[in-house]
1. Amide H of B:LEU619: which non-local residues (sequence gap of 5 or more, or other chain) have their own amide H closer than 5 Å, using H built in the peptide plane?
2. Could you pull out every residue, at least 5 positions away or on a different chain, whose amide H is within less than 5 Å of the one on B:TYR332? Hs are placed 1.01 Å off N in the peptide plane, and Pro or chain starts have none.
3. Beyond 28 Å between alpha-carbons counts as too far, so tell me which of B:LYS343/B:LYS427; B:LYS272/B:LYS586; B:LYS586/B:LYS717 fall in that bin.
4. Roughly how many whole Å is it from the C-alpha centroid of region B:111-175 to that of region B:246-269?
5. What is the percent carbon and sulfur in the accessible area of chain B, measuring with a 1.4 Å probe over the protein chains and ignoring ligands?
6. What's the extension gain from B:GLU86 to B:GLN195 if we count 0.36 nm per residue and subtract their Cα-Cα distance?
7. Here is the link list: A:LYS79/A:LYS115; B:LYS51/B:LYS579; A:LYS26/A:LYS79. Which ones come out longer than 29 Å on Cα distance?
8. With springs only between Cα atoms under 10 Å apart, run a GNM on chain A and tell me which of A:LEU58, A:LEU168, A:LEU148 wobbles the most.
Amino acid sequence: MSSLRWAFLLDVNKCLGCRSCEVACKNYYHLGESQRYRRVATVEWGNEGRDGLFFLSLACNHCESPECFRVCPERAYRKRRDGIVIHEARLCTGCCTCVQACPYGGPQYDADAGKVGKCNLCVGLLDQGEEPVCVRACHTEALRLLDLSNPDAVAFAAWVPGFPDTRLTHPAVRFVTSCGGDWKMGDHR
Amino acid sequence: MVTVSAKRFRHLCPRNCFSTCAIISTVENGRLVRVEGDPEHGFTRGRLCAKGYAYPQLIYSRRRITVPMRQYPRGSGHWHRISWEEALTTIAAKILELKGRYGSLLSVCLNKQSGNFGYLHYAVEGMFNAMGYITRAEGNSCWSAGLDARIFDLGADRQSDPEDMALARSIVLWGVNPAWTAVHQMHFITMAREQGATLVVIDPLYTATAAQADYYIQVRPGEDGALALGVARYILERGWQDEDFLREYVLGWPEFRSYLEREVSVVWAAEKAGVAPEAVAVLAKLLAWYKPAAIWTGMGLQRHTNGGQNVRAITAPAAMTGNLGQPGGGLYYASQQTWNLLKYNARDWPPPPGATGWVLWPGVVGDGAGDGLEPVAGGGSRPVGAAGVVAGRQARAGDPGVAVGHRPVNTNDFARQVLACTDPPVKMLWVASRGLASQDPLVTSLEEAMGLMETVVLVDHFLTPTARFADIFLPATTPFEEWDVVLSYWHYWLGINQPAIAPVGESRSDLEIAMHLSAKMNELSPGSCTFPTSGSQEEWVAAEFTPEIYVLADIRDYRELLDRPRKLAWPRVSWEGGKFATPSGKYELCSEQAQKCGLPSLPVYVPPAAPSPAYPYRLLTSHQQLGINSQFLHLGWLGGSERATVLLPPGLARRLGVRSGMQVCLYNASGEVVLPAMVSRQVPEDVLLCYQGWYGPGAPEINAIVGGLMTDMGSYKTGFPAPALYDTFVNIYVL
């Protein structure tokens, strides 16, 4: 039996782009003014006269091969056995090497603190058996946690349009998606 | 080691929003450190919206003003701190001086709206009621045309429990975007869909809600009525109407049927609405065969010159198919059905004996609130004078045969109507729960009206655009610093709002300001204000509760709400058994009331306002995701990265050579606004979209070019029509 490996699971069909997750995180962790550990992106797509719109709520993806971990000169990053990538603020000098290296905008610099910070998957809450703040704030249960060691996890998509290339870091995030499948549109002019 | 003792407190979000969330705050060492949803609340279910989660920043924002200030000269931006004593003395002395000068308080004007729906905030109205009769901005800029439409049809603005939308087999979201503006309802909609319900979204804009739909119908703005009439005709052609329901519970079916047969065809309707005829068929099929069907009508579509008429047309097919009075189905809009269960103790104070006021036209007195709770008798046919000001004259209460009240001016035509008040003129303005300088139609017209004022008082948290016109700024507390009770216009839950922290700085609640100003007035002129000058805020909250609401909430004391919110045992289903509140007791497809107000008696087609060659594009100013009118959006946590932009459809952008990020100028006869452009597939051709709101200091004034026309309905219930904001037409050029 393989051991627990945490990942975020986003149901793109259910995500409303309401941004409750994004601000709930800021509210809970008192992030710097410009920091958003979780961010919601709007993806508009059009194909052969058909249009679509979906949202991607993304945070640190706790990658299998985290670039932040690899490039940090202060060795401020570590990866736990359960997959969570932790950034130790006390070791951070705010050099922002990780900020430049991460393809997903996970680590973010706070000018007031002079340090970088990022999503730690609410490890404190998780270790007490509670859900992360963003997951708890989700109105439609579009955002959930997934254990990648569960054999059923392969059913989920590792990539959706609008998400960066995953080959470099193998991010621990999965998606439920039926992009372009289920909508119909009035024939407007 | 520092010991932290965390305490938790219960709150209610009092903003003008469907959800009226129950909030729990955590306070450590006297500082509010976070907010979260209250899991005991069955509608909001422990979750807040993005705006709600930003409350900690609102409370402790560096830009929040927490001391009384004076601006001299007005408009200069030179604010200096003054004491509450100085502020209140200046204001009280001014009120008394004006009373002496004009022999009444009619030269004092109150402009308050929906910034805070807490019952203790009605102390602002109460304080002025207790001084005498003033000039008051009345009417409602939000929902009044649709409200009248519902009252003509149903007799009262009641609706079923929105949690029961989970039981619907079809859900039609007609011009409403709950993913942005009522996100908690999306849970109940998702529940229905998981049980197999079909979701239709009808909207000119391809919204976040539309992205969730099984069917999205992109209707042309203002043509909702045509689409609905097409659906009615389709149902009639196939004989799908519920004849039993029509015979027993509906008035005017033969007349409406004959109108449909004479004037409406499905092809015509689809053509007008800009949709495929199949869209009409899908809607008809769902309403007739997939019952119960819930139809939620949004407020945007009634912000047209034919807005009320469109709402009547939308409700007609629901009546034809008998989709009323069953759990899970029916017509949703917004409803204050439970609001009269509280007492309005803070609002209802008598004027001093013999106060001079305004005599309205014969037999009618002001309804007291201007909040649409009570019908304004004879509305729609009130005699009007210059600039549409309600005709009347100054007179003393108690004079034989004379009923006096406040002098009403239309809040939606505020600047023009205030300027037209001459006998006496308006010389002082009090603004509370209101951001008129960013939210009024044609805001630039405020300049002249404000020039008339000798004193302008603004009660707020921030130096909003309205502060430019203010002489005195009074700092208000947030919900986290005061007691209050709030009822939702959507769900059935009752909670309570307790203070979690001491008022920040020297801020005071509207209620405290009212008590202190009353004390000052009586000190300078004994007997000049009957508003109480003492009492704790908690006592005032307690005084709002009635035996009736205690029974419905199954509690004996308001303090039980500190343990958890309660759901009111209010009827889950509206119009059960087909008993309507209209004069005939039936659903009125044919409304004599409407006819008396100078409107068509039937929900017939009325075309929307059309663009002119000079201003060929319709400008829609829908509600923001991260703001409620002038609130929230300016906070760094929410709008920090947002700027006011104009969204253009790809085709139009191509024709004009506009790419995202380019600066464009929108203009019409009222003015111009420069904004960055964004090309978006969410907007239909020939439509431009700016999300309205206050984006923070220095943001463009979109409302400089928005407004001018009025809605067809609104006068019956709220006394005045509303601005037809979405009938704004502009032209555009690239800078």
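The values are calculated or read from the model by the stated rules, or taken from the named source; none is laboratory data. Everything numeric in this text was worked out from a predicted model, so none of it was measured. Because the Cβ atoms are built from the backbone with ideal geometry, glycine has one as well, and the counts that use them run over all protein chains shown. We work out accessible area using only protein heavy atoms, side chains counted, and drop any ligands, DNA or RNA first. Shrake-Rupley method; radii C 1.70, N 1.55, O 1.52, S 1.80 Å.
1. Counting only residues 5 or more places away or on other chains, the set is B:LEU688, B:THR728, B:PHE729, B:VAL730.
2. B:ILE295, B:TRP296, B:THR297
3. Details: B:LYS343/B:LYS427 32 Å; B:LYS272/B:LYS586 31 Å; B:LYS586/B:LYS717 19 Å.
Too far apart for the 28 Å limit: B:LYS343/B:LYS427; B:LYS272/B:LYS586.
4. First find each Cα centre; the distance between them is then 30 Å.
5. Working: 12520 of 24130 Å².
Taking all protein chains in place, chain B shows 52 percent carbon and sulfur surface.
6. Values: separation 109, 0.36 × 109 = 39.24 nm, distance 6.26 nm.
Taking 0.36 nm per residue and subtracting the Cα distance, the gain is 33.0 nm.
7. Numbers: A:LYS79/A:LYS115 19 Å; B:LYS51/B:LYS579 39 Å; A:LYS26/A:LYS79 23 Å.
B:LYS51/B:LYS579, as the Cα separations exceed 29 Å there.
8. Per the Cα network of chain A with a 10 Å cutoff, A:LEU168 tops the list.
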